[in-house]
Amino acid sequence: MNWLVANTPPTRIWINEALLTKTEENNWLEGTIHAVHSIPGQMALFSVLLSNGANISRVPLHWLTTRPSLELLPATEAQLWNNLSYGVVCFVYQHLSGVHTSVKLRSGSVQSGTYLFTIQYWGSRYADGAGPLGNKDCHIIALDSGHLIGYPNNRISWNEPAATTPFSWCGPVPKYKVINEIFSCEKTIEAENDEYHY
């Protein structure tokens, strides 16, 4: 498992150079996300290799888009939860790869997009705990609008035509509860004897 930084699937993005130079220029640069940085209390941060050869670390999610010349989303709309720990892994759920989604943003607006990959945290009570305070996936979605967002399961309706009939955010939404039990398949063995086979 990784600490602080994990590789991501290479993902093509655009970023406004003005954000990197702190100037008024409006020049959009193409680049590739290749790693995620997890610092508790901050949103997802990425390493981006720009088309000009520069590698920039710790670029916030809301600065990245899938096409140039977009007005940026506020950080509070781009990601629902800050990073939960320094421990981080990144992967693609194979069954969800490229699946179309409908995401309910913090503001209540519903946006369509496509699943890219998932960030999962470990090594803190928030990341490892059962219940509503623990274990939140951060699914990175490329919205049809061109923005990138990171949202958990309970804000996403997945549309995998071969396997789902997705619910609509305008109709009745499933009222699933958080699984907060801890499940174990082991029991205490009171005494070992010759009849017990491992």
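Bear in mind these aren't lab numbers, they're just calculated from the coordinates by the rules spelled out. Note that the coordinates shown come from a computational prediction; the quantities given were computed from them, not determined experimentally. Cβ sites come from the backbone with ideal geometry, for glycine too, and all protein chains shown count toward neighbours.
Considering only residues in region 27-45 that are touching a residue at least 24 places away in the same chain (Cβ under 8 Å) and in a loop (DSSP other than H, G, I, E, B), the one that is nearest to Gly87 (Cα to Cα) turns out to be Ser38. Of all residue pairs spaced 6 or more apart or on separate chains, none has beta-carbon atoms under 7 Å together with a first member in region 171-187 that is under 14 Å from Asn154 (Cα atoms) and a second member that is surrounded by 10 or more Cβ atoms within 10 Å (Cβ to Cβ) and of a type in the set (D, E, K, R). For region 46-92, residues that are free of Cβ contacts under 8 Å to residues at least 24 places away in the same chain and among the hydroxyl-bearing types (Ser, Thr, Tyr) total 2. Screening Trp81 against (1) within 27 Å of Asn180 (Cα to Cα); (2) in a strand (DSSP E or B); (3) under 13 Å from the mean Cα position of the chain (by Cα) leaves a single unmet condition, (2). Scanning region 131-181 for residues that are closer than 18 Å to Asn82 by Cα and among the small types (Gly, Ala, Ser) gives Gly131, Gly134, Gly150.
Within region 64-92, restricting attention to residues that are surrounded by 14 or more Cβ atoms within 10 Å (Cβ to Cβ) and of a type in the set (Gly, Ala, Ser), the residue that is farthest from Asn154 (Cα to Cα) is Gly87. Taken over region 3-18, the residue count meeting the criterion of being surrounded by fewer than 17 Cβ atoms within 10 Å (Cβ to Cβ) and either assigned to a loop (DSSP other than H, G, I, E, B) or touching a helix residue (DSSP H, G or I) at 6+ places or on another chain (Cβ under 9 Å) (or both) is 1.
Out of curiosity, is Val48 outside any loop (DSSP other than H, G, I, E, B), β-branched (Val, Ile, Thr) and over 30 Å from Asn27 (Cα atoms)? No. On inspection, Gln111 qualifies as part of a strand (DSSP E or B), more than 22 Å from Leu49 (Cβ to Cβ) and more than 14 Å from the chain's Cα centre (by Cα). Among the conditions (1) under 21 Å from Val36 (Cβ atoms); (2) crowded, with 18+ Cβ neighbours inside 10 Å, the only one that Gln111 does not satisfy is (1). Every test in (1) surrounded by 19 or more Cβ atoms within 10 Å (Cβ to Cβ); (2) in contact (Cβ under 8 Å) with a residue 60 or more places away in the chain is passed by His95 save one, and that test is (1). Being in contact with a Pro (Cβ under 7 Å, 6 or more places away or on another chain), among the small types (Gly, Ala, Ser) and surrounded by fewer than 20 Cβ atoms within 10 Å (Cβ to Cβ): is that true of Ser102 here? It is true that Ser102 is in contact with a Pro (Cβ under 7 Å, 6 or more places away or on another chain), among the small types (Gly, Ala, Ser) and surrounded by fewer than 20 Cβ atoms within 10 Å (Cβ to Cβ).
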